[in-house]
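Below is a structure I'd like to ask you about.
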Amino acid sequence: MKKSKKLFISTIVFAILAIIYTIIIALVDKQSIGPNESQVGLATINQFFQKKIGFNETFYKLSNMLGYIAFGIAFAYMIVGLIQLIKRKSIKKVDTEISILGLFYIITLIIYVLFEFAKINYRPVLIDGKLDPSYPSSHTLLALFISTSAIFINLKIIGNKTLRIILNTITIILAIAILIGRTMSGVHWITDILGGILIATTLVLGYLCVTEYFKEKSTNNKTEIA
């Protein structure tokens with residue numbers, strides 16, 4: 001079985017798991033345990049962890065700051081794609097990995113907007129006096145997707161092995177720091193964090209699946225020409 005097919009199956013499996021998990025969060029064990037008596041799914045589990053974690057403003061501010069760095073990484077790859085487009089004068093000549101990454105950034109943004117409207121859960125704390133949507137943890141989702149996809153993009157655009165290892169190590173540390181910071185900040189229920197991880201994993205697998213498909217297609221075309 002081709003690698004792209006294996007990745008496609010993995011993507012579908014995780015996508016189904018993410019959908020089922022989201023439905024469970026939306027419907028199972030709903031209780032008014034949030035601020036302003038807001039209802040929360042899997043309330044028993046969430047309440048248990050929230051009492052252990054509480055709210056930590058330092059972790060909240062730190063994870064926010066690190067989140068901007070993650071956005072900066074995504075912006076940097078967008079700039080790389082734009083430079084390639086200007087120099088090569090055709091979107092078809094932009095590196096496939098960069099073009100597909102741009103598409104998945106858009107998909108990620110759409111997912112974020114959809115959940116802002118869906119409002120599956122609300123935060124366990126008020127932020128600036130407001131009750132904001134909480135599921136999934138967008139910082140977790142974005143940090144994991146941006147950092148993980150960056151590792152594979154760097155293999156393509158950075159020739160210096162030492163520099164590539166350094167940058168990939170930084171992005172991995174960044175993702176872990178945001179994940180820990182967001183969890184320990186207490187501004188999300190534990191199920192929001194897990195939801196962010198699950199959806200991010202689905203997106204990463206989807207990105208790898210599409211890039212591998214085009215890589216295999218390109219290889220087959222070159223073989224036929226030869």
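Averaged per residue, what accessible surface does region 57-184 expose to a 1.4 Å probe, in Å²?
Spelled out: the 1.4 Å probe surface of region 57-184, per residue, equals 56 Å².
Rounded to the nearest 0.05, what FRET efficiency do Ser38 and Ile157 give with R0 = 30 Å and r taken as the Cβ-Cβ distance? Could you check?
The computed FRET efficiency comes out at 0.10.
Related question: Can you give me the Cα centroid spacing of region 163-184 and region 37-104 in angstrom?
12 Å
Rounded to the nearest 0.05, what FRET efficiency do Lys5 and Arg164 give with R0 = 30 Å and r taken as the Cβ-Cβ distance? Could you check?
0.60
Further, regarding this structure: Kindly sort Phe145, Phe71 by accessible area of their heavy atoms, largest first, with the probe set to 1.4 Å.
Working: Phe145 0, Phe71 90 Å².
I get Phe71, Phe145, largest accessible area first.
Same structure again: Considering every pair of different Cα atoms, what Kirkwood radius, in Å, is found for region 96-226? Don't jump to the answer; show the numbers that get you there.
On the way: mean 1/r = 0.0612 Å⁻¹.
This gives a value of 16.3 Å.
Here's something else I'd like to know. Might you work out the accessible area of Asp128 for me, using a 1.4 Å probe with all protein chains in place, and round it to the nearest 10 Å²?
140 Å²
Specify the angular offset, from 0 to 90 degrees and rounded to the nearest 10, of the alpha carbon long axis of helix 43-53 from the longest principal axis of the alpha carbons in the chain.
The answer is roughly 90 degrees.
For Met184, what accessible surface area do you get with a 1.4 Å probe? Give it in Å², rounded to 10.
In the full protein context, Met184 sits at about 80 Å².
Where does the longest stretch of the chain lie that holds no trypsin sites (Lys or Arg not before Pro) found in a DSSP loop with 15 or fewer other Cβ atoms within 10 Å?
Values: sites that count: Lys2, Lys30, Lys89, Lys119.
Here the longest run is 120-226.
Between Phe49 and Leu17, what FRET efficiency follows from the Cβ-Cβ distance if R0 is 25 Å, with the result rounded to 0.05?
Here the calculated transfer efficiency is 0.75.
Now for a separate question. Relative contact order for the chain: what percent, with Cα pairs under 8 Å and sequence separation of 6 or more?
It comes to 34 percent, rounded to a whole number.
Could you size up the charge dipole of region 77-173 around its Cα centre, putting +1 on the beta carbon of Lys and Arg and -1 on that of Asp and Glu, and report it in debye to the nearest 20?
My answer is approximately 520 debye.
How large is the Kirkwood hydrodynamic radius of the chain, counting all unique pairs of alpha carbons, in Å?
Every distinct Cα pair counted, the radius reaches 19.0 Å.
Leaving ligands, DNA and RNA out of it, rank Ile158, Ile180 by accessible area with a 1.4 Å probe, largest first. Present the calculation step by step, with values, prior to reporting the outcome.
Details: Ile158 25, Ile180 90 Å².
Descending order: Ile180, Ile158.
The values are calculated or read from the model by the stated rules, or taken from the named source; none is laboratory data. Just so we're clear, the structure is a prediction, and the values are computed from it rather than from any experiment. So basically every Cβ, Gly included, is an ideal-geometry build from the backbone, and we count neighbours across all protein chains shown. Only protein heavy atoms, including side chains, enter the accessible area calculation; ligands, DNA and RNA are left aside. Shrake-Rupley method; radii C 1.70, N 1.55, O 1.52, S 1.80 Å.
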